[in-house]
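Chemist: Take this structure, written in structure tokens, and hold onto it; I'll ask about it next.
The values are calculated or read from the model by the stated rules, or taken from the named source; none is laboratory data. The model shown is predicted, which means the values in this text are computed figures rather than measured ones. Glycine also receives a Cβ, built like all others from the backbone with ideal geometry; neighbour counts cover every protein chain displayed. Areas reflect the complete protein model, heavy atoms only, side chains present, ligands, DNA and RNA absent. Shrake-Rupley method; radii C 1.70, N 1.55, O 1.52, S 1.80 Å.
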Amino acid sequence: MAEYILPHFGEVDTDNLEEYYDVAVLLNGHEVCIDLNFMDKAIDLDALRTVDGFIGTIAEQDKMNRKRILHDYHDENSGAVKEYVIRHIEEIGPADLSNLIDCNSKAITPELQLINALKLVRVGLYPYDLDELAIFDYTIGEDLTQYLLVLATDHNGAITRIAMES
């Protein structure tokens, strides 16, 4: 039995894993859920060290993801961020929208304000997945929408996909 101490999660038995672990952490002034998902009952220490290292970079990953979200929004060949923003500008009532953005602003468009209003609410970690180690879920408000802007990253933090999901 090998014990491993993961940041935020504490001690994990690498030979007797649970399927799902989750914790809530404070990041940039709001709560973010981090969950850890396993398919098998055991994991090798190298894979867990990768997760350990990734957990330590979540705040940095969030900053990079926000840049990628802006890049995707401005990319004419991409659509997930535009779809998310346009859907919510069209569907959220003016009163709720005015709590998020200043529709009369001449300095910044409502779309960019909405992008700036995105909050990271969840990071799902999947150490067994060779293509996507982490899933980052962003929302403008869980009380306003069921839709998430989802960014998946590989073990190196490179984006593998951006999608709107519900």
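Chemist: First compute the accessible area of segment 22-85 with a 1.4 Å probe, then give the percent of it belonging to carbon and sulfur atoms.
Modeler: In segment 22-85, the share of accessible area belonging to carbon and sulfur is 50 percent.
Chemist: Let me ask you something else. Among all the aspartates and glutamates, which ones have a C-alpha under 14 Å from LYS67's C-alpha, if same-chain residues fewer than 8 places away are not counted?
Modeler: Of all the aspartates and glutamates, those that pass the test against LYS67 - Cα under 14 Å, at least 8 places apart if same chain - are ASP75.
Chemist: In square angstrom, what is the accessible area per residue of the chain with a 1.4 angstrom probe?
Modeler: Per-residue accessible area for the chain comes out at 55 Å².
Chemist: Suppose each label sits 7 Å from its Cα in the direction of the beta carbon; what would the ASP13-ALA47 distance come out to in nanometres?
Modeler: My value for the distance between the label points is 1.8 nm.
Chemist: Could you give the radius of gyration (one decimal) and Dmax (whole number) of the Cα atoms in segment 12-93, in Å?
Modeler: Reported Rg and Dmax, both Å: 17.6, 51.
Chemist: Still on this structure, I have one more. Based on alpha-carbon positions alone, could you give the equivalent ellipsoid semi-axes of segment 70-140 from the gyration tensor, as √(5λ), descending, whole Å?
Modeler: Details: eigenvalues 152, 43, 20 Å².
Those come to 28, 15, 10 Å.
Chemist: Now a separate question. For LYS41, go through the aspartates and glutamates and keep the ones whose alpha-carbon is under 19 Å away, minus same-chain ones fewer than eight residues off.
Modeler: Straight-line reach from LYS41, under 19 Å: GLU3, GLU11, ASP13, ASP15, GLU18, GLU19, ASP22, ASP52, ASP129.
Chemist: Once you've got the GNM for the chain with C-alpha springs shorter than 10 Å, pick whichever of ASP137, ASP129, ASP46 has the biggest mean-square fluctuation.
Modeler: Of ASP137, ASP129, ASP46, the Gaussian network model singles out ASP46 as fluctuating most.
Chemist: Note the per residue figure in Å³ for the convex hull of the C-alpha positions in the chain.
Modeler: 114 Å³
Chemist: Report the trypsin sites (Lys or Arg not before Pro) located in segment 48-133 that are in a DSSP loop and have at most 11 other Cβ atoms inside 10 Å of their Cβ, or state none.
Modeler: Details: sites: ARG49, LYS63, ARG66, LYS67, ARG68, LYS82, ARG87, LYS106, LYS119, ARG122; in loops: LYS106.
Answer by residue number: LYS106.
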